[in-house]
1. Amide H of V116: which non-local residues (sequence gap of 5 or more, or other chain) have their own amide H closer than 5 Å, using H built in the peptide plane?
2. Using 0.36 nm per residue, how much length does the chain from K169 to K152 gain when fully extended, once their Cα-Cα distance is taken away?
3. Identify which of V98, V60, V246 has the largest mean-square fluctuation in a Gaussian network model of the chain, with springs joining Cα atoms closer than 10 Å.
4. Using a Gaussian network model of the chain with C-alpha springs under 10 Å, which one of G112, G57, G141 is most mobile by mean-square fluctuation?
5. Calculate, in nm to one decimal, what R241 and D201 gain on full extension: separation in residues at 0.36 nm each, minus their alpha carbon distance.
6. Please compute P(r) over all alpha-carbon pairs of segment 113-174, binned at 5 Å starting from zero, and give each bin as a whole-number percent.
7. Below 8 Å between Cα atoms, with a sequence gap of 6+, how large is the relative contact order for the chain in percent?
8. How big, on average over all directions, is the shadow cast by the Cα convex hull of the chain, in nm²?
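All of the numbers you see were taken from the coordinates with simple rules; none came from a lab. Just so we're clear, the structure is a prediction, and the values are computed from it rather than from any experiment. Here the Cβ positions follow ideal geometry from the backbone for every residue, glycine too, while neighbour counts run over all protein chains shown.
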Amino acid sequence: MFKKIYIAAFVLVLSAGMAGIKSNPVQASGEVAHPPSQEWTTDGLFGFFDRKQIKRGWQVYSEICASCHSVRLLYYRHLGEIGFSSDEVKKIAAEAEVAAGPNEDGETHNDGELIVRPGKPFDKIVSPYPNDLAARAANAGALPPDLSLITKARKNGANYLHALLTGYKDAPGDFKLSEDMNYNPYFPGSQIAMGAPLSEDGVEYAPEIADGKKATVDQMAKDITAFLIWAAEPELEERKRIGVKVMLFLIIFTAMLYAVKRQVWAKLH
Ligand code: HEC
């Protein structure tokens, strides 16, 4: 009786394992190129945020990506965490127009548009489109996804993002590229509705954040990715610091237990 249960359980585990191996058809068919690994300051046990780089990434986001992609989980005040002063945050927020609804008398503008006001630090970073339908309508039916969590939402997110942004090429001769699509071997199916968003010197980094870096496509791709790694997990540094402390504690605790054990047993030997 028990033997049968064991065998049934074994078969079940084995078939689940096999299904797991087979469950990634895109990878199995070799359709998608593997993103090369890059070095990120946030990697490893002592990972940290390079705030100048994240500021450069914000610049790339706000000057290039923000015309199509939202970062709905971020508020202007969060930009203080990457090194902007509160005056700078106020200024950045004030450049945005926030839909404030009708005024106290229930009036909108004459054309029925909502009244807008300059943004404040407590506002959400303004999205380019009011909703997904409008976003699709402006992008030939394709939806530019919200980027707040994109580095977590994709497998090997940071490397994937960098590879996607730097990986645009001419399609091979035998590739059937659909109309309005762009060849990119890192995107599932190798064609993507987004045209290459980055081009050499697409932004101009101010000397105080440039850190001697030129705005090459590769550099901007790294910087915007660093910004999005931060956006997806602003508490990363804290998590790593706690991790290191816990490990130190465990090492010291183990040493102490060992010392106590030796002392207790010394009398018995
Ligand atoms: C002109 C509009 C436009 C701009 C500018 C733009 N994108 Fe996109 N993006 C899109 C559209 C549309 C899609 C959806 C593509 C698809 O589904 O084929 C997309 C998709 C993406 C994806 C999702 C890929 C995936 O795995 O689903 C990422 C990541 C991305 N864009 C990042 C960026 C970044 C970073 C920038 C700025 C450097 C940027 N985009 C600028 C329109 C844009």
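1. Excluding prolines and chain starts, which carry no amide H, the hits are A100.
2. Computed gain between K169 and K152 is 3.6 nm.
3. Fluctuation is largest for V246.
4. Highest fluctuation among the options: G112.
5. Gain on stretching R241 to D201: 10.8 nm.
6. Result returned by the calculation: 4, 12, 14, 15, 21, 17, 8, 5, 3, 1, 1.
7. 25 percent
8. Details: hull surface 112.0 nm².
Result: 28.0 nm².
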